[in-house]
Every structure is written in C-alpha cells, then in structure tokens.
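Enquirer: Questions regarding the structure given below will be posed in turn.
The values are calculated or read from the model by the stated rules, or taken from the named source; none is laboratory data. Keep in mind that this is a model prediction, so the values were computed, not measured. Using ideal geometry, Cβ is built from the backbone for each residue, glycine included, and neighbour counts are taken over all protein chains shown. The protein model used for the area step is the full one, side chains on, heavy atoms only, and it has no ligands, DNA or RNA in it. Shrake-Rupley method; radii C 1.70, N 1.55, O 1.52, S 1.80 Å.
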Amino acid sequence: MSRSLVFFCCLFLTSCAPPRATSTKPAPEPTPPAARVNAAEVSPVALFEAYADDVDAGDKRYKGRLLKVQGTIKSGDTFGGKPCILLYLPLYQNKPVIRCVFEPADQAEVDRLKSGSIVRVRGVCVGVKGDDGKGDHVTLEQCDYIGTGSN
C-alpha cells in the first residue's frame, strides 16, 4: 500500500504545480525574402557587354539573378502588356540596351519617371528579349524602382 500512496502523492504534487512560464516575446517580424534584398549591383555597360560578347555566357552569369542597375531612361513603354522603361548607354549611340519591366500595379510609378532621368532599378534578369522575338534588349522583369541615381 505504501508504494501506491507514494505514487498517488507524486502524481498529485506534479498536477498541482504552477504552470511553466511561457515566452512573452513577440514573434519576430518577417524579413523580406533574401532574393529581393541581396541583389547584385551591375552597371548597364557590364550587363550589356556580357550579352553582346556571348549570349550564352551572359545567361550563365546573369539569367535568373536579381540585379540592381543604374541608368538613364530613354523612354517608357510596355512589354508583354506590362509597363517598362528602356535605359540607354551613350557609349552605344544612345541605343536602348536594358529593358526594365514592371508589374501592372506599378504603372502610375513608371508613368512618373521621365526620359533623361537617372534611376536605380532592381529586377530579375531574363536574358535577351525583343519585341519581335529575335532578342535585342537585355531584359529585367519583376522590377522595382529603388530611387534616383547620380552621374
């Protein structure tokens, strides 16, 4: 009988113990996806030349990567039904060489950007694409306007 009594006493005492304290710290704020934060900075000249020299080598180096570029706006347009801006390089006779495609929800922001302005843009490189399917511009998609640049 004494073993039973000891067992029930232990059971009773553990059930009467105060509840354990739980953490009252608030849950940490979610951080932005690393892919949107850790963009590689590349000049439009370096990006263009990587593709001008060898499209396959350009794809190996940049395609699918999140990049930040700074360049001068030649014009605004649409590509695939989405707003975009074309950046040009004076070294290449002002030919538009980088196309930055934004989401439709960003139309108003893209409309505020002016030709001749220097801008910083972040987007995912999808390689060389053209309006006619032959591919004439290095294209960044899912772009974000991240500010103005300086000379």
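Enquirer: Which of the following residues is in contact with a Pro (Cβ under 9 Å, 6 or more places away or on another chain) and at positive phi: G76, G71, G81, G64? Talk me through it step by step, then tell me what you get.
Expert: Details: G76 fails: at positive phi; G71 fails: at positive phi; G64 fails: in contact with a Pro (Cβ under 9 Å, 6 or more places away or on another chain).
Just a single option satisfies the conditions, and that option is G81.
Enquirer: Would you pick out the residues in region 72-87 that are open to solvent by less than 40 Å² (accessible area, probe 1.4 Å) and of a type in the set (K, R)?
Expert: none
Enquirer: Next question. When residues of region 47-71 are filtered for being open to solvent by 30 Å² or more (accessible area, probe 1.4 Å), modelled with pLDDT of 90 or more and not basic (K, R), how many remain?
Expert: Selection size over region 47-71: 5.
Enquirer: Please give the number of the condition K60 fails out of (1) in a helix (DSSP H, G or I); (2) out of contact with any strand residue (DSSP E or B) (no Cβ under 6 Å at 6 or more places or on another chain); (3) more than 20 Å from N38 (Cα to Cα).
Expert: (3)
Enquirer: Please specify each residue of region 106-135 satisfying the condition of being at positive phi, open to solvent by 30 Å² or more (accessible area, probe 1.4 Å) and modelled with pLDDT of 90 or more.
Expert: Scanning region 106-135 gives a single hit, G116.
Enquirer: In region 88-105, is there at least one residue being part of a strand (DSSP E or B), open to solvent by 30 Å² or more (accessible area, probe 1.4 Å) and not polar (S, T, N, Q)? I'd like the intermediate steps shown before the answer.
Expert: Step one: of region 88-105, the residues part of a strand (DSSP E or B) are 88, 96-101.
Subsequent filtering for residues that are open to solvent by 30 Å² or more (accessible area, probe 1.4 Å) retains 88.
Next, from what is left, pick out any that are not polar (S, T, N, Q): 88.
Within region 88-105, one or more residues are part of a strand (DSSP E or B), open to solvent by 30 Å² or more (accessible area, probe 1.4 Å) and not polar (S, T, N, Q).
Enquirer: List every residue pair whose Cβ atoms lie under 6 Å apart, where the two residues are 6 or more positions apart in sequence or sit on different chains, the first residue falls within region 108-131 and is over 18 Å from E41 (Cβ atoms), and the second residue, located anywhere, is open to solvent by 60 Å² or more (accessible area, probe 1.4 Å).
Expert: E109/Y145; G127/K63; V128/V55; G130/D136
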